[in-house]
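First the structure, in the form of structure tokens, and then the observations on it.
The values are calculated or read from the model by the stated rules, or taken from the named source; none is laboratory data. In this text, all values refer to a predicted model and were calculated from it rather than measured experimentally. Cβ atoms come from the backbone with ideal geometry, glycine included; neighbour counts cover every protein chain shown. The area values use the complete protein model at the heavy-atom level, side chains included, leaving out ligands, DNA and RNA. Shrake-Rupley method; radii C 1.70, N 1.55, O 1.52, S 1.80 Å.
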Amino acid sequence: MMMNGMLLQNEMLWIIKLFLSFIIVLGAYKCFGKTGLFIWIPISMFIASVEVMVLVKLFGLHASLGNIPYASAFLVTDILSEKYGEKEAKKAIWIGFFTNIVIAFMINFALMFTPEADGLEMHSNLKSIFGLFPRFMIVGLVSYAISQHVDIYLYKILKEKFPKHLWIRNNGSTMVSQLVDNILFTTLAFTGIFSFEVMFEIFLSTYILKWIVAAMDTPFLYLATKMDSKKSLC
């Protein structure tokens, strides 16, 4: 009974986290306009790179916690593609790429310092957290850059074919690009860390969850298209 309650809590927290991420994206857009969307890309990538190391049980499957912030980046590029075009969406990708390379380098450079005795435990804790961080960051950046370009390319094609059906281009482009991302990231990040069975379960559960995220972000994309970014609040 206690275990079932803990799993239910995980699922409730996951749903809350999902909606919070979408609300933050819209809040950033409303407050800062297009710049707010550019800001969210590196934020979501950094959070995802850390949270991907946390495995939880969701709906009875092993899942990485980083799938929500990572998937929210695809909502952002879809908003940019829809309202500002392919060029601005690609700019957001490279902003995120550059930012996270700098973060990975600076954090790992800082861990090369020898700490004082009083700071040894904190240094050890940081090293345990960020010890695998470069690998996840590099793999994440590679799979992110490739899958995001696939997403933008497909979004453009689907927009031309289905100009009146926003939900088709949003879900179609995201679901295909997330499949590409999932194959690349799971293979490159977890080989040698987990068994094939666990890796496949992570792949399957993460992709199922990303399908759910893609479907649930559609109303937020519709809301974003109705916003006037020129009348930002901040």
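Key figures for this structure:
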| read-out | value |
| --- | --- |
| Val102/Tyr153 FRET efficiency (R0 25 Å; Cβ-Cβ; nearest 0.05) | 0.40 |
| Solvent-accessible surface ranking, highest first, for Lys226, Lys127, Lys210 at 1.4 angstrom | Lys226, Lys127, Lys210 |
| In nm, spacing of pseudo-spin labels at His165 and Leu126 (7 Å Cα→C-beta vector) | 5.2 |
| Neighbour cut-off at most 13 other Cβ (10 Å), DSSP loop, GluC sites (Glu not before Pro), region 59-93 | none |
| Two-site FRET efficiency, Glu86 against Ala117, from Cβ-Cβ distance with R₀ of 45 Å, rounded to 0.05 | 0.25 |
| Unit Cα scatterers, Debye sum, region 43-140: log10 I(q)/I(0) for q = 0.13, 0.14, 0.18 Å⁻¹ | -0.58, -0.65, -0.91 |
| For Thr191, solvent-accessible area (1.4 Å; no DNA, RNA or ligand), Å² | 70 |
| Under DSSP loop assignment and at most 16 Cβ neighbours within 10 Å, longest chymotrypsin sites (Phe, Trp or Tyr not before Pro)-free interval of the chain | 114-234 |
| The chain: Rg to Rh, with Rh as the Kirkwood radius over Cα pairs | 0.99 |
